[in-house]
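For reference, the structure discussed in these notes is given below.
The values are calculated or read from the model by the stated rules, or taken from the named source; none is laboratory data. Only a predicted model underlies this, so the values are computations on that prediction, with no experimental measurement involved. Cβ: placed from backbone, ideal geometry, glycine included. Neighbour counts: every protein chain shown.
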Amino acid sequence: MTDNILDAFKENHDNKEIDVSKKIKIGIIGTGWIADAHIDAYKSMEDVEVVALADLVDGKAEAFAKKHGLENARIYLSDEELLAGEKELDGVSICTYNCQHAPCAIHALEAGVNVMLEKPFTVTLDEAVEVMRAEKKSGKILTIGFQPRMSENMQMIKKIVESGELGKIYYLQAGGGRRRGIPTPFGTSFIAKETGGIGAMGDIGCYSLDMLLGAIGYPKPLTCTGYTSDFFGKDPSYYPGHPEYAEKFGVDDFAAAFVRLEGGIILDFRISWAMNMDTAGDALILGTKGGLRIPSTECWNGEFDKPMTVYKTVGGKDIEYKVPYEPCGDLFKKKIRSFVDSIKENGKPTVPSSEIIYNQAIIDGIVRSAKLGREIEVEIPEI
Ligand SMILES: NC(=O)c1ccc[n+]([C@@H]2O[C@H](COP(=O)([O-])OP(=O)(O)OC[C@H]3O[C@@H](n4cnc5c(N)ncnc54)[C@H](O)[C@@H]3O)[C@@H](O)[C@H]2O)c1
């Protein structure tokens, strides 16, 4: 690997000067579990003021305000109320469960407010298309909350691919997945059809897709053969003391797919919240001149924690080398900072919908193909 690729790790990305003369006004829509991480990040920024909070559950946003010392924030009972009541907002974080991503994002963009939308983009491809139409009309920022994008290790995957070290990429294997990891400790919003909409695919599969597709420039998906199952989620014995979760479970706990991408590239995808295996494997990128192995982690959440390995043949010898792993600090805070910087500086999203629409199209394709029991063509409507 050339020195300038390894030198990329030596750049310092953390000591930028911040202009605190104007405070960016932020609203939070949905004050559940992940909103805590958004607030912690915003509160650490001297140039940000969280002015409004909304949650559908009466009293929840008040309690959240109290917990975070935001007694001055105005409280609302829905995204629409908040957007109608706040005329000077610079941005909102949408922290609702998946099924409310599309309506909340559309309402915010129509109100002329910049949006940080938690992942997954939406539940269906049609919803993502509608959000993008609202984005286009509004001219506002829409960025999707994939914090692993802020990891220098993750960015290194893209740099390795772009360096040409691997040659032409022709095969991707999405790895990861959990042995036992249905996220029920946080209530049922992840597992109920009417709130989560999609399960392991929307929770962690979207990260897995982003890791690989982001690295190779998000080629368009063409066809998809998908499979989904719910054997663990629907089994009351999975949840000792909480058999009612099995009743509530209405999404996928495992998915696999074979996806053809533009440019003759194959994606072999699998993701799991629960399975009788320690891991669904490492993530792999195969190219004509080299291969890259990205190690699987125990609790897959879109990041990795060990060095990657490059495989090559040099001078007739098969060789392997490790890519040094770098600790990257607080990725969540970096994601929120990048949203605030986009508002202040350039109006450009860090994780644009024009890329993540393909991520969503694959998840949507898997759902449709699994239902039909056959391969489907992936068609993305004009935005
Ligand atoms: N980036 C990450 O690391 C990460 C981690 C966890 C969850 N998430 C994502 O964050 C989202 C939320 O997850 P969570 O665990 O916080 O869910 P949660 O169920 O704990 O909280 C969601 C909250 O949104 C509220 N809500 C729903 N629709 C609303 C609306 N229209 N207006 C106002 N409030 C509304 C609900 O009442 C609920 O309190 C999910 O999409 C999830 O995928 C991201």
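Just one of (1) over 21 Å from Asp364 (Cα atoms); (2) out of contact with any helix residue (DSSP H, G or I) (no Cβ under 6 Å at 6 or more places or on another chain); (3) more than 16 Å from the ligand (Cβ to nearest atom) fails for Pro185. It is (3). Anything in region 21-30 that is part of a loop (DSSP other than H, G, I, E, B) and either within 15 Å of the ligand (Cβ to nearest atom) or within 13 Å of Glu345 (Cα to Cα) (or both)? List them, or say none. If the condition is that a residue be part of a loop (DSSP other than H, G, I, E, B) and either within 15 Å of the ligand (Cβ to nearest atom) or within 13 Å of Glu345 (Cα to Cα) (or both), then Lys22, Gly30 are the ones that fit. Listed by position, the strands (runs of 3 or more DSSP E) inside region 107-189 whose residues that are crowded, with 20+ Cβ neighbours inside 10 Å and more than 15 Å from the chain's Cα centre (by Cα) number at least 1 are 114-118, 169-173.
Taking the criterion of being within 12 Å of Thr96 (Cβ to Cβ), under 23 Å from the mean Cα position of the chain (by Cα) and of a type in the set (A, V, I, L, M, F, W, C), the only residue of region 37-58 that qualifies is Ala54. Only residues that are within 15 Å of the ligand (Cβ to nearest atom) and part of a helix (DSSP H, G or I) were counted in region 31-58, giving 10. Restricting attention to region 320-342, does a residue exist that is at pLDDT below 95, over 20 Å from Gly205 (Cα atoms) and among the charged types (D, E, K, R)? Among the residues of region 320-342, at least one is at pLDDT below 95, over 20 Å from Gly205 (Cα atoms) and among the charged types (D, E, K, R), which makes the answer yes. Taking the criterion of being assigned to a strand (DSSP E or B) and either within 16 Å of the ligand (Cβ to nearest atom) or buried (at least 18 other Cβ atoms within 10 Å of the Cβ) (or both), would at least one residue in region 301-308 satisfy it? Yes, some residue in region 301-308 is assigned to a strand (DSSP E or B) and either within 16 Å of the ligand (Cβ to nearest atom) or buried (at least 18 other Cβ atoms within 10 Å of the Cβ) (or both). Could we say that Asp203 is acidic (Asp, Glu), in the same structural domain as Gly287 (by TED's automatic domain parsing), crowded, with 19+ Cβ neighbours inside 10 Å and within 16 Å of the ligand (Cβ to nearest atom) here? Yes; evaluated as a whole, the condition is true for this residue. Restricting the first member to region 23-36 and to residues that are closer than 16 Å to Asn72 by Cβ, and the second to residues that are modelled with pLDDT under 95 and near the ligand (Cβ under 10 Å from one of its atoms), no beta-carbon pair is closer than 7 Å while six or more apart or on different chains.
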